Amino acid sequence: MKKTALITGISGQDGAYLAQLLIKKNYRVIGTDRRSARFSNWRLRRLGIENEIIFEEMELSELYEVQRVFNKYKFDEVYHLAAQSFVKTSFSSPINTSNITGLGTLRILETIRAVNPKIKFYQASSSEMFGDVLNKVQNEKTPLNPQSPYAISKVFSHFITQNYRASYNIFAVSGILFNHESPLRGEEFVTRKIVIGFLKILNNESKFLELGNLYAKRDWGYAKEYVEAMYKMLQQKLPDDYVISTGKTYSIKQFINFTTDYLGMKTKWVGTGIKEKLINKKNNQIIVKINPKYFRPSEVNLLKGNSTKARKKLNWYPKTNLKKLIKIMVDEEIKHYDKY
Ligand code: NDP
Ligand code: GDP
């Protein structure tokens, strides 16, 4: 018998890679996002799986819509990935973010409790929950200290998932995933913004790239590998929470340096603070400037995960280091460059 999985947020980066993985494993995949009439399906098209998914519209702010989808299909597994997922937007849209990224999870859990508590549930928790970190390296036991409406909404979802597991014996797990990137990453996130930014400069389509805080550090992994961990969490005997990370951390500035190196650009940093700039040595043009509009009201300065538990119990290991990830992102972006 084919298993049936629901992926909320199918149009996003992780939704696309997870759908690809589950289809390979012979699942029937139902995918939802908020407006199927004009699904932004470029990621699924790029992976060549658009026609293998059954699409349903499911706006997460409406309990009725969630119930409708759960009454229509018999799900074995639910991967709840849909969220207002951009930290910066959560400061300008805190109420919508709480409603979708926080309460949206509860709407799904309540529906599972009512419709079929045997459904296995995956919650997309985030390293952002560690926020202003209380340990230098973060694992499942590190206290949470969120710094944005996004992270606070994820903390709510994280704890309500644990609560439904404890209270109703639902197989509900949280994957605490550190930042993961790919050629399918949203263009507003810093890694893909940098990759696209430099390609536009090299193509004479723009002169410079504007960024915010260059000194924040992130533990960046490859999204395609991270969705495998999600799947593995739902195949365990017992539900549990896992940190998924590489254990290495780099600043935005290091990410930029690795990217310009890979692109063969000779550059130098000059100035400090908001006057800091990156210069292209070939023509002395400024190619990176700081624009304070990209600073966040409250920043997460350092994320570095310890995924020992996942390595031991899930037999999951990150395989792609940051330089290799940048190569994958740049090469793929060049392949599809005609769209710019
Ligand atoms: P994306 O931003 O790429 O995808 C988010 C998805 O959620 C999209 O399909 C989006 O649909 C959907 N969505 C947004 N708002 C709503 C709504 N109101 N109702 C229904 N669907 C909605 O995120 P990723 O794929 O990168 O991440 C997947 C999940 O993992 C998210 O929950 C994210 O917060 C979390 N996460 C991600 C990390 C990362 O580094 N990528 C790290 C840790 C956690 P639409 O196309 O309509 O916008
Ligand atoms: P996040 O970790 O989920 O917030 O992922 P992002 O990719 O959005 O941001 C990662 C880090 O890059 C944060 O510390 C941002 O402050 C920093 N950053 C610096 N400049 C920019 C920028 O122009 N855009 C974004 N998105 N982030 C930036």
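The values are calculated or read from the model by the stated rules, or taken from the named source; none is laboratory data. It should be emphasised that the depicted structure is a prediction, and the values quoted were computed from it without experimental measurement. For the accessible areas, the whole protein counts, side chains as well, though only heavy atoms, and no ligand, DNA or RNA atoms are used. Shrake-Rupley method; radii C 1.70, N 1.55, O 1.52, S 1.80 Å.
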Margin query: Please list, in order along the stretch 206-218, the HN-Hα scalar couplings obtained from phi with the Karplus expression 6.51 cos²θ - 1.76 cosθ + 1.60 (θ = phi - 60°), rounded to whole Hz, x for Gly and Pro.
Written below: 8, 8, 8, 10, 10, 10, x, 6, 7, 9, 5, 10, 10
Check: Once all Cα-Cα distances of the stretch 220-326 are split into 10 Å bins that start at 0, what whole-number percent is in each one?
Finding: 12, 32, 27, 18, 9, 2
Margin query: My understanding is that a pair violates if its Cα-Cα distance is over 25 Å; which of LYS120/LYS327; LYS237/LYS323; LYS2/LYS237 do that in this structure?
Written below: LYS120/LYS327; LYS237/LYS323
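Quick one, what does Rg over Rh come out to for the stretch 152-293 if you take C-alpha atoms and the Kirkwood Rh?
Values: Rg = 19.7 Å, Rh = 17.7 Å.
Value, to two decimals: 1.12.
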Check: Per the 1.4 Å probe, what fraction of the accessible area of the stretch 103-162, in percent, lies on carbon and sulfur atoms?
Finding: 56
Next item on the list: Find the Cα radius of gyration of the stretch 211-256, compare it with 2.2 N^0.38 Å by division, and give the number to two decimals.
Entry: 1.54
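Using only the Cα atoms of the chain, construct the convex hull and provide its projected area averaged over every direction, in square nanometres to one decimal. Kindly include the intermediate steps, with their values, before the conclusion.
Values: hull surface 67.6 nm².
Projected over every direction and averaged, the Cα hull of the chain covers 16.9 nm².
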Notebook entry, point to check: Taking the C-alpha atoms of the stretch 92-228, how large are the radius of gyration and the largest Cα-Cα span, Dmax, in Å?
Noted result: 17.9, 58
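In the chain, what % of DSSP beta bridges are antiparallel (nearest 5)?
Details: 9 of 43 bridges.
So the antiparallel bridges in the chain amount to around 20 percent.
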Note to self: Using only the alpha-carbon atoms, what does the stretch 1-64 span along each of its principal axes? Please give whole angstrom values in decreasing order.
What the structure shows: 31, 27, 17
Checklist line | Mean projection area, nm², convex hull over Cα of the stretch 1-159 | finding: 10.1
Item checked: List PHE91, PHE295, ordered by accessible area with a 1.4 Å probe, largest first -> PHE295, PHE91
Margin query: Please report the accessible area of SER92 (heavy atoms, 1.4 Å probe, ligands and nucleic acids excluded) in Å², nearest 10.
Written below: 90
Checklist line | Principal axes of the stretch 252-299: Cα extent on each, largest first, Å | finding: 35, 19, 14
Next item on the list: Report, as a whole number in µm² per second, the diffusion coefficient that Stokes-Einstein gives for the stretch 178-253 at 10 °C and 1.306 mPa s using the Kirkwood radius over alpha carbon pairs.
Entry: 109
